[in-house]
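All of the numbers you see were taken from the coordinates with simple rules; none came from a lab. It should be emphasised that the depicted structure is a prediction, and the values quoted were computed from it without experimental measurement. Methodologically, a virtual Cβ is constructed for each residue, glycine included, from the backbone with ideal geometry; neighbour enumeration extends over all protein chains shown.
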Amino acid sequence: MTAADIEALFRAHHAGLVRYLARRLGDRDWAEEVAQETFLRALRTPPATNARSWLFAVATNLVRDQGRQLAARRALLVQLAASEREREAAQPTAEDRMVRAHEALLARRALEGLAERDREALLLKEEGLDYHEIAEALGLSVGSVGTTLARARRRLAECYEAARAAMEGRRDVAG
């Protein structure tokens with residue numbers, strides 16, 4: 001196809017093609033871009049039969065392709081936004097971090113309030129050691145490990161409540 005042929009094709013069909021695309025897309029600038037790409041394709045692969053129907057078919061296919069691309073981008077953006085919202089929701093707030101730090105402080109104080117053997121027994125159990133391993137590590141009989149752990153848990157709960165009450169008492173005095 002010669003330059004004169006393309007120019008004639010352009011003069012004959014450009015205005016109608018842009019009107020069609022503007023109605024289809026709702027955006028005159030976008031319609032101009034699609035029309036321009038349509039005529040570029042006509043340069044690369046000249047229409048074999050009816051030039052007008054070929055131009056409108058190419059333009060329609062370009063709009064569909066761009067629509068699919070936009071839909072894929074929107075879906076990706078929606079997915080990224082949802083993932084960001086989930087990530088933000090999973091992030092603890094400053095208040096959550098303060099509460100956890102406070103609870104950790106109370107737990108440490110409660111552990112410090114236990115007898116050494118009770119504290120060691122609880123910590124070994126927390127690390128996943130079984131009764132035989134705890135007995136061996138602490139020089140206890142296997143039968144006394146259960147009693148030691150039960151006493152340590154009960155005492156830990158008492159020390160925790162005492163530490164919490166003491167902290168709340170300080171807040172009342174400070175407030």
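General observations
- Residue separation of Ala137 and Ala15 scaled by 0.36 nm, minus their Cα-Cα distance, works out to 34.9 nm of gained length.
- Stretching Leu123 away from Glu88 to a fully extended chain increases their span by 9.3 nm, per 0.36 nm per residue minus the current alpha-carbon distance.
- Exposure proxy order (Cβ contacts within 10 Å, fewest to most) of Ile134, Ile6: Ile6, Ile134
- Distance between the modelled labels on Gln66 and Glu161, one decimal in nanometres: 7.2 nm (7 Å Cα→Cβ projection).
- The relative contact order of the stretch 3-89 comes to 24 percent, based on Cα pairs under 8 Å that sit 6 or more residues apart.
- FRET efficiency for Ala104 and Ala81, using Cβ-Cβ distance with R0 set to 25 Å, rounded to 0.05: 0.15
- When the alpha carbon coordinates of the stretch 3-89 are projected onto the principal axes, the ranges are 62, 23, 19 Å, largest first.
- The alpha-carbon positions of the chain define a convex hull whose volume is 251 Å³ per residue.
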